[in-house]
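Colleague: I have a structure here, written as structure tokens, and I will follow up with some questions on it.
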């Protein structure tokens with residue numbers, strides 16, 4: 001399991017780095033029919049899916065389609081998870097929070113729950129998760145940074 005995790009993380013970083021090197025500078029917003037406008041200006045960091053403020057903390061969520069990113073990579077094992085969910089958190093003082101414990105709790109309409117601990121990476125916190133098209137999920141994020149414990153909740157529907 002540990003070897004599989006290391007392989008998946010290495011593949012993610014290889015794809016992520018390649019994408020950043022060739023990311024387009026164009027900026028546009030698109031609605032994907034889910035009622036959520038999505039910012040595609042930075043494909044290398046994924047699609048911006050939600051922003052919020054809780055107790056002075058700013059949350060910015062991005063979603064990376066891992067199956068799409070891994071297309072064409074040879075000898076890579078099939079991943080169970082479909083996406084990589086990132087959250088970037090800014091504290092009330094305006095500084096990015098880079099040292100924290102972050103976890104996600106994602107609930108599907110059928111009440112199945114996916115719990116993930118996020119890893120610090122690239123100025124944010126990310127974890128591999130599973131989202132199915134056309135399904136609305138309740139996403140909860142918990143951030144514990146120093147003495148601060150902040151929880152954010154939103155609904156997300158993966159369109160297409």
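Colleague: Among (1) at pLDDT 95 or above; (2) more than 18 Å from residue 133 (Cα to Cα), there is one condition residue 49 misses while meeting the rest; what is its number?
Modeller: Of everything listed in (1) at pLDDT 95 or above; (2) more than 18 Å from residue 133 (Cα to Cα), residue 49 misses just condition (2).
Colleague: Checking residue 31 against (1) buried (at least 18 other Cβ atoms within 10 Å of the Cβ); (2) at pLDDT below 75, which single condition isn't satisfied?
Modeller: Evaluating residue 31 over (1) buried (at least 18 other Cβ atoms within 10 Å of the Cβ); (2) at pLDDT below 75 leaves (1) as the failure.
Colleague: Please count how many residues of region 47-81 are surrounded by 18 or more Cβ atoms within 10 Å (Cβ to Cβ), over 19 Å from residue 120 (Cβ atoms) and touching a residue at least 24 places away in the same chain (Cβ under 8 Å).
Modeller: 4
Colleague: Right, here's the next one. Taking the criterion of being surrounded by fewer than 16 Cβ atoms within 10 Å (Cβ to Cβ) and more than 14 Å from the chain's Cα centre (by Cα), would at least one residue in region 123-131 satisfy it?
Modeller: The answer is no, given that none of the residues of region 123-131 is surrounded by fewer than 16 Cβ atoms within 10 Å (Cβ to Cβ) and more than 14 Å from the chain's Cα centre (by Cα).
Colleague: Could you count how many residues in region 99-118 are surrounded by fewer than 14 Cβ atoms within 10 Å (Cβ to Cβ) and either touching a residue at least 24 places away in the same chain (Cβ under 8 Å) or in a strand (DSSP E or B) (or both)?
Modeller: Total meeting the criteria: 6.
The values are calculated or read from the model by the stated rules, or taken from the named source; none is laboratory data. In this text the structure is predicted, and so the values were computed from the model without any measurement. When we count neighbours, we look across all protein chains shown, and the Cβ atoms used for this are built from the backbone with ideal geometry, even at glycine.
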